[in-house]
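Presented below is the structure to which this report refers.
The values are calculated or read from the model by the stated rules, or taken from the named source; none is laboratory data. Nothing here was measured: the structure is a model prediction, and the numbers come from that model. Neighbour counts are summed over all protein chains in view; Cβ atoms, including those assigned to glycine, are modelled from backbone coordinates with ideal geometry.
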Amino acid sequence: MTVTDQYLKNNEEYAAGFTGPLPLPPSKHVAVLACMDARLDVYRILGLQEGEAHVIRNAGGVVTDDEIRSLAISQRLLGTTEIILIHHTDCGMLTFTDDDFKKSIQDEVGIKPAWSAEAFPDLDEDVRQSLRRIQASPFVTATTSLRGFVFDVATGKLAEVKID
């Protein structure tokens, strides 16, 4: 049995207690952008329930063009107004550089990726950069609250990172 097979079995249990469809727009009008790290359970960290927020995840929780696309759709079509960013301690994105990563891929497959991995050496500074990217975007303009945090994987606590 594969892990996917086990997850499908788990889904049978989930579906048996499923209460039906929720409205499409998130009820709390919140979008969360977080790292994809398996140690971050965004729903438990924030106390979210299904249907309350859009949760967008990627390597590092960084703001790239694709996250701007998702946030623009979230705001413009589905009414979100608050954005929460979550990075975390002990992040894998702190362990390499974009240039080295791209070179290793190019050495292996013969093609250098056109995209940037967006690795970073400083958690707080990358949260600030991500906040600034959202502030600077002409596509994400309905924001009433934009806040960034670092989640401590050792304590479970969030620490807010301010731009200034």
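Here are a few things to note about the model shown:
- Counted residues, region 17-34 - those being assigned to a strand (DSSP E or B) and within 13 Å of L146 (Cα to Cα): 4
- Among the residues listed as D99, D107, D126, the single one being acidic (D, E), assigned to a helix (DSSP H, G or I) and under 14 Å from the mean Cα position of the chain (by Cα): D126
- Given (1) closer than 16 Å to V30 by Cα; (2) out of contact with any strand residue (DSSP E or B) (no Cβ under 9 Å at 6 or more places or on another chain); (3) of a type outside the set (D, E), number of the condition P138 does not satisfy: (1)
- Region 150-164, subset in a loop (DSSP other than H, G, I, E, B) and among the hydrophobic types (A, V, I, L, M, F, W, C), residue farthest from R39 (Cα to Cα): I163
- Only one entry in R147, R133 is part of a helix (DSSP H, G or I) and either under 17 Å from the mean Cα position of the chain (by Cα) or modelled with pLDDT under 95 (or both), namely R133.
- When region 57-74 is limited to residues that are more than 21 Å from D122 (Cα to Cα) and crowded, with 21+ Cβ neighbours inside 10 Å, the one that is farthest from the chain's Cα centre (by Cα) turns out to be S74.
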